[in-house]
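Novice: Just passing along the structure, written as structure tokens.
The numbers here are math on the coordinates, done by the rules we state, and not lab data. This structure is a prediction, so every number in the text was calculated from the model and none was measured. With ideal geometry, Cβ positions are generated from the backbone for all residues, glycine too; neighbour counts draw on all protein chains shown.
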Amino acid sequence: MQVEQEVLSLPSKETEFTRLKRFYSIYEKFYLLLMEKEAEFGIAKAGTIPNFVILSPALNNPNPIYPKKFFIYISGLGIGIFLGISLIAIRYLLNDTISTQKELERSLHASMLGGIPEYSKEKMEVSKLVVDKNPKSAISEALRSVRTNLEFICPNKKKKLIAVTSTVSGEGKTFVASNLSGVIALSNQKVILLDLDMRKPKVHLAFEKENFKGMSTVLIGKHTLEECIQPTSISNLSFISAGPTPPNPSELILREEFDLLIKRLFEIYDVVVIDTPPVGLVTDGILILRKADIPLYVVRTDYSKKSAKRNINKLVKTIPKLCVLMNALKAINTYGYGGYGYGYGYGYYEGETEKETIISKIKSLAGVKA
Amino acid sequence: MFGLFKKKDKETVAEDSLFVDMHSHVLPGIDDGADSPEDALELLKAFEQFGYKKLIATPHIMGDFFRNTPEIISEKLQELQCLIKDNNLSIKLEAAAEYYLDEWFMAKLRSGEQLLTLGSNYLLFETSYINESSFLDEALFLMKSQGYKPVMAHPERYTYLYSDFSLFKKIYEKGVLFQVNINSLSGYYSKAAQVFAGKLIDNCMVDMLGSDCHGIRHIEAMKKARISKHYKKALQLNLLNNYL
């Protein structure tokens, strides 16, 4: 029974066996193929030789080799210093004007009489007499101290001849001459101001008077002295304008009449002040300076050239009495080295101008013309 | 023993506050200070409120603008003293002068004319603000030779000294006493005046403090100056104010 059973199942086993055998042969074939391929690739791999050799592995450097920070910083610093210095140098070379009293005093052989602050109330087209209008202003105060110092230079002399000059025009020669005459007149001395700058007469403009006759016509004998003397708003102060411009101003000054005229004026006046032509261009100024008891040379802040100092030192050799006056000192306190510059602060009698100056400063900063 | 006590007493007084002001323009109508007796009275009241016991009025004497004489000053002083009495103020008023160093002052010194002084022969004078005076040395010599003790008013306001602090020292060493304006200490006049006033105090070169009061504006400004650091420091110096 059992055997019969087994025989009966034989054909199905037979089919199962053939089925599995088929699968087996497929896998075996596939496996052999892979083996073959592996051997093939192994041979191929072993046959390839690389054309490079790693001598050492790559280094990982955290700092870039370019751009070089240090080099840029150093060159930046260098260029910065260079630009700074060259800017200073250029500004120094371009600024050929005298800007502080200290700077002027340095290596100046003439004696320094003092300084006069800048007139900042209004823009002055022509020189004006300001000492009578505002006797308490800083300008008046400064001029009074100059007057006192003049007394020191020329003591015990009743009659004085003061000649005011500058290097070129525009430095405040007429302003100083007229206002200095004004403060001297206010000190109870009889003063006369002569305008001998016959090429560019300005004194009559300062006093707002005419200039039809004056020094030139007196010196040629056309008018008398008395005819030409004009009064001013200050009772002790008179002046003679330059008169029409003559063709030969230097010759007129050289004439004997000029000395006689001065002599005659001293019979009436205590002080004769002369507005002299600038000495930078023409020589007639020097002739008058030699005659003066007090020759005064006006230098203007931030306007007069540094070469003016050389000019002064040269003049001092022939005119040892020559005194220098610094005009238009700046009002602003500049915080510089060693102090506060030469600002004069507020007006002599403060309180009257303090607020005004602050407002006007703001105005001038804003570009508003007062 | 007595001297020791006296000195100590002096110091405590000086530390407290100022009782005497020695530089003001309260005498009305004779300079650029108080205009009217009413203004002057107002100023005196303000000084009393500050705790001052005595005020020495020092009108300008200047050759060309304020031609004050001892007669004019003493007349004005008497007027104002009467007014003080009428208004029951307790402040004491005296008068001297602030001489401007000009030709007229030199003439007075040369002629030996009796000058107005404060306390024991202290002579208050001022110079130009902008230009150095050529007469300073001669003036100092003449003052000292006549027995005056020269007191230079507000040196911190003289711009001709600003280029170098040693210029102040040079003048101080000539034997001048320095009087600094109280209002300089708060920068009322200018920043530079404040800085130099401070430096003078730091260098113990201040002998007197003055209000230099010309009007109520200076009283207002003093309120600020009196609380400044340098004001307190100045009071520690041996100021001469309270002995005037």
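Novice: What net charge do the residues around B:Glu38 carry, taking every other residue with its C-beta under 15 Å from that of B:Glu38, with Lys and Arg at +1 and Asp and Glu at -1?
Specialist: -3
Novice: Let me ask something else. Kindly express, to the nearest 10 degrees and within the range 0 to 90, the angle between helix A:173-186's C-alpha long axis and the longest C-alpha principal axis of chain A.
Specialist: Roughly 50 degrees between the two axes.
Novice: Now for a different question. Could you calculate, for the stretch B:88-244, the ratio of the Cα radius of gyration to the Kirkwood radius, expressed as Rg to Rh?
Specialist: That ratio is 0.96, to two decimals.
Novice: Right, something else. Between helix A:307-318 and chain A, what is the angle of the helix's C-alpha long axis to the longest principal axis, kept within 0 to 90° and rounded to the nearest 10?
Specialist: Around 30 degrees separate the two axes.
Novice: Residues of A:136-147, mean number of Cβ from any other protein chain within 10 Å of their own Cβ, rounded to a whole number?
Specialist: Partner Cβ neighbours, averaged per residue: 4.
Novice: Hey, with R₀ at 51 Å, roughly what FRET efficiency would A:Leu10 and A:Ile43 work out to, going by the Cβ-Cβ distance, to 0.05?
Specialist: 0.55
Novice: Next question. Could you list which residues have their amide H under 5 Å from that of A:Leu194, counting only those 5 or more apart in sequence or on another chain, with H placed in the peptide plane?
Specialist: A:Ile240, A:Val273, A:Ile274, A:Asp275
Novice: With both partners inside the protein assembly as shown, how many of the DSSP beta bridges are antiparallel, as a percent to the nearest 5?
Specialist: The answer is about 10 percent antiparallel.
Novice: Within 10 Å, at most 12 other Cβ atoms, and a DSSP state outside H, G, I, E, B define an exposed site. Report the longest part of chain B free of exposed GluC sites (Glu not before Pro).
Specialist: Longest run free of exposed loop sites: B:1-112.
Novice: Here is a further query. Whose amide H sits under 5 Å from the amide H of B:Ala95, counting only residues 5 or more places off or on another chain, with H placed in the peptide plane?
Specialist: B:Ala57
Novice: Please list, by residue number, every one of the GluC sites (Glu not before Pro) in the stretch A:125-194 that is coil in DSSP and has at most 16 other beta-carbon atoms within 10 Å.
Specialist: Here the sparse-neighbourhood loop sites are A:Glu125.
Novice: Taking chain A as the reference, fit the longest principal axis to its C-alpha atoms, fit the long axis of helix A:2-47 to the helix C-alpha atoms, and give the angle between the two in degrees, 0 to 90, nearest 10.
Specialist: Long axis of A:2-47 versus the principal axis of chain A: about 40 degrees.
Novice: To continue, here is another question. Just the Cα atoms of chain A: what Rg and Dmax do they give in Å?
Specialist: Rg then Dmax for chain A, in Å: 50.0, 184.
Novice: May I pose another question? Helix-only mean residue ellipticity at 222 nm, chain B, DSSP H runs n ≥ 4 weighted -39,500 (n - 2.57), per residue, nearest 500. What is it?
Specialist: Rounded to the nearest 500, the figure is -13000 deg cm²/dmol.
Novice: Given R₀ = 25 Å, what would the calculated FRET efficiency be for A:Lys190 paired with A:Lys157, taking r from the Cβ atoms and rounding to 0.05?
Specialist: The formula returns an efficiency of 0.95 here.
Novice: Need one number: nm distance between label points at B:Ser90 and B:Lys223, each 7 Å from Cα along Cα→Cβ, rounded to one decimal.
Specialist: 2.3
Novice: Here's another thing I want to ask about it. Once you average over the residues of B:186-194, how many Cβ atoms of partner chains fall within 10 Å of each Cβ?
Specialist: Other-chain Cβ atoms within 10 Å of each residue's Cβ, averaged: 4.
Novice: I would also like to ask the following. If each of A:Gln2 and A:Lys305 carries a label point 7 Å out from its Cα toward its Cβ, how far apart are those two points in nm?
Specialist: Going from the A:Gln2 label point to the A:Lys305 one covers 14.6 nm.
Novice: So which trypsin sites (Lys or Arg not before Pro) in the stretch B:125-196 end up in coil per DSSP with only 15 or fewer other C-beta atoms within 10 Å?
Specialist: B:Lys174
Novice: Once a ≥ b ≥ c are taken as the square roots of the eigenvalues of the Cα gyration tensor of the stretch A:21-149, is the result rounded (a/c under 1.5), prolate (a/b larger than b/c) or oblate (a/b not larger than b/c)?
Specialist: prolate
Novice: Going through the cross-link list B:Lys53/B:Lys199; A:Lys123/A:Lys309; A:Lys190/B:Lys149; A:Lys159/A:Lys330; A:Lys128/B:Lys169; A:Lys158/B:Lys144, which pairs have a Cα-Cα distance over 32 Å in this structure?
Specialist: A:Lys190/B:Lys149; A:Lys159/A:Lys330; A:Lys128/B:Lys169
Novice: Next question, about the same structure. Just want to confirm a number: the relative contact order over chain A, from Cα pairs under 8 angstrom separated by 6+ residues, in percent.
Specialist: Taking the mean separation of contacting Cα pairs over the length of chain A, I get 22 percent.
Novice: Another question about this same structure. Can you compute the helix-only [θ] at 222 nm over chain A? Use -39500 (n - 2.57) per DSSP H run of at least 4 residues, normalise by all residues, nearest 500 deg cm²/dmol.
Specialist: -15000 deg cm²/dmol
Novice: For B:Ser74 and A:Tyr92, what does the FRET efficiency come to when R0 = 56 Å and r is the distance between their Cβ atoms, rounded to the nearest 0.05?
Specialist: Rounded to the nearest 0.05, the efficiency is 0.40.
Novice: Okay, next question. Show me, for the stretch A:55-68, the HN-Hα J-couplings you get by feeding each phi into the Karplus relation (A = 6.51, B = -1.76, C = 1.60, θ = phi - 60°), rounded to Hz, glycine and proline as x.
Specialist: Those phi angles translate into 7, 8, x, 4, 8, 9, 8, x, 8, x, 7, 8, x, 7 Hz.
Novice: Here is a further query. Let me know the mean shielding of B:161-172 by other chains, meaning the per-residue number of their Cβ atoms within 10 Å of its Cβ.
Specialist: Counting Cβ atoms of other protein chains within 10 Å of each residue's Cβ and averaging gives 2.
Novice: Filter the chymotrypsin sites (Phe, Trp or Tyr not before Pro) in the stretch A:117-222 down to the DSSP loop ones having no more than 12 other Cβ atoms within 10 Å, then list what survives.
Specialist: Answer in residue order: A:Phe212.
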